[in-house]
Structures are given as C-alpha cells and as structure tokens.
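Q: My questions will all concern the structure given below.
Taken together, the values in this text are just the output of simple stated rules run on the coordinates, not laboratory data. Quantities reported herein were computed from a predicted structural model and do not represent experimental measurements. As a convention, Cβ positions derive from the backbone with ideal geometry for all residues, glycine included, and neighbour counts pool all protein chains shown.
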C-alpha cells in the first residue's frame with residue numbers, strides 16, 4: 001500500500017495538469033521557500049495537490065556533515081499537516097506532531113543516508129459538516145546551512 005501511495009505521490013508531482021502543477025510550484029516558491037531562511041534552498045520544488053486525509057512520502061538522500069532544514073507547508077484551506085522523517089528501516093527520527101505541528105525541522109546528518117519524508121493532511125473539523133473535502137497544495141522544501 002505504501003509503495004502505491006509513493007507512486008501516486010510521484011505521479012502527482014510529474015503528471016499533474018500544467019495549471020495545477022504551475023500554481024502549486026508558484027505557491028512553494030512564494031510561501032514555503034520563506035520557511036527555509038536562513039538555510040539555502042536546494043533548488044528543488046517538491047509540491048503536489050493533496051486532499052484531506054491523504055498522505056504521501058518522498059525519498060531523499062542526505063549527506064554526512066551537512067546541516068539541513070526540512071520545511072513543509074500547505075495551502076491555508078488545509079488543516080494541520082503532519083510530517084515525519086524516517087530512516088530506511090522506517091524508524092521515526094522526527095515527527096512534527098509532537099512539536100505542535102512545527103513547519104520545519106533542523107538537523108545534522110552524521111552519515112550519508114536516504115531518509116523518507118511522509119506528509120499527511122489531517123481532516124479539518126469544520127469540513128466534517130459537509131460532503132466536500134478540502135484540497136490544496138502541499139510542499140516539501142529542503143535547505144542547507146550556509147558555511
């Protein structure tokens with residue numbers, strides 16, 4: 001099931017309509033990139049349109065000795081966005097749920113490794129009264145600490 005979600009997430013990144021992708025990428029540039037300061041953006045914009053209750057994951061390699069910031073943000077129409085960082089054994093290294101849903105996490109990697117970043121869009125309590133689920137852009141951004 002997780003591999004299916006990953007494929008769907010990648011599919012959303014690569015196969016979304018041009019308008020949706022373009023708008024989401026612009027959102028990431030205008031809004032989410034600001035969460036990286038004072039870290040330097042790695043130049044990649046990982047963004048997709050997600051609906052309440054959906055989750056997705058992204059694999060990324062991090063290099064030893066580097067200090068990183070992972071920033072996750074979403075459209076205002078979305079409720080809380082939870083993100084977790086796990087190693088390849090799926091051991092949770094960080095969860096923003098225990099940090100009042102902080103939009104970013106700063107860390108230093110001791111050994112080069114691939115990590116898994118999962119995002120989950122929580123259901124908005126106010127939308128439970130309607131049949132419509134909210135959708136919006138969710139971006140995962142990566143920054144490196146300047147020397």
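Q: Please arrange 54, 67, 110 by how many other C-beta atoms lie within 10 Å of their C-beta, fewest to most.
A: Taking fewest neighbouring Cβ atoms as first place, the list is 110, 67, 54.
Q: For each of 138, 88, 31, 121, count neighbouring Cβ atoms within 10 Å of the residue's Cβ, then give the residues from fewest to most.
A: So the residues, fewest neighbours to most, are 88, 31, 121, 138.
Q: So how do 62, 27, 83 line up by other beta-carbon neighbours within 10 Å, fewest first?
A: 62, 27, 83
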